[in-house]
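No value in this document is a laboratory result; all are computed from the given coordinates. Predicted, not measured: the structure shown is a model, and the values here were computed from it. Neighbour counts run over all protein chains shown; Cβ positions are idealised from the backbone, glycine included.
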Amino acid sequence: QVQLVQSGGGLVQAGESLRLSCTASVRAFISYTMGWYRQVPGKQRELVASLNGVGGIKYGDFVQGRFTISRENARSTVYLQMNNLKPDDTARYFCNAKRQRTPDGSRWLEDYWGQGTSVSVSA
C-alpha cells in the first residue's frame with residue numbers, strides 16, 4: 001500500500017520560510033509525478049507545485065518565485081521550500097504522487113495523497 005508521509009509546516013510570521021517534506025513508500029519513485037497542493041475550507045484544492053521524474057516543473061500562479069519544489073529520488077522524497085510566506089498562503093498542504101494516465105488522458109490510474117499538514121502565516 002502506497003503511503004505518503006509528510007512533515008514540516010507550522011505557524012510562522014509573514015516573510016518567513018518553511019520547508020515541507022514528503023516521503024513516499026513506492027517502488028520506482030522516479031516514475032511518479034510528485035506535487036504539492038493546498039486547500040482552505042470552502043475552496044477547491046489547488047496546485048502549488050509539481051515535479052515529474054525528468055525535471056518538468058509547474059507552479060501555481062500565486063507562487064511568483066517564492067516557492068521551490070525539489071525531489072531526492074534516492075530518498076523517495078519531495079520537498080517544498082516556501083520563502084516570503086504571506087497570510088494568503090495559510091492552508092492545509094497535501095503531498096501527491098501520480099503516474100500513468102488512462103488512454104484517453106482523463107485521469108490518473110495511480111493517484112495518492114498524503115495526510116496533509118497545516119501552514120499558518122500571521123500578518
For the chain, the Kirkwood Rh over every pair of distinct alpha carbons, in Å, works out to 14.6
Which lysines does residue 86 reach when only Cα atoms under 22 Å apart count, and residues fewer than 8 places away in its own chain are ignored?
-> 43, 58
Using the C-alpha gyration tensor of segment 1-71, what are the square roots of 5 times its eigenvalues, in whole angstrom, with the largest one first?
-> 22, 15, 13
So how far apart, in nm, are the two label points at residue 74 and residue 90 if each is 7 Å from Cα heading toward Cβ?
-> 4.0
Pull up the cross-link candidates among the aspartates and glutamates for residue 98, meaning alpha carbon to alpha carbon under 20 Å and not fewer than 8 places away within one chain.
-> 46, 72, 110, 111
Quick one: which of 89-96, 12-19, 38-45 comes out on top by average Cβ neighbours within 10 Å, and what's the full order, highest first?
-> 89-96, 12-19, 38-45
Based on the Kirkwood radius over alpha-carbon pairs, what is the Stokes-Einstein translational diffusion coefficient of segment 1-41 at 10 °C with 1.306 mPa s viscosity, in µm²/s?
-> 126
For the residue pair residue 44 and residue 64, what label-to-label distance in nm results when each label sits 7 Å from Cα along the Cα-to-beta-carbon direction?
-> 2.2
In terms of the charge dipole of the chain, which places +1 on Lys and Arg and -1 on Asp and Glu at the beta carbon, the residue among 100, 20, 80 farthest towards the positive end is 100
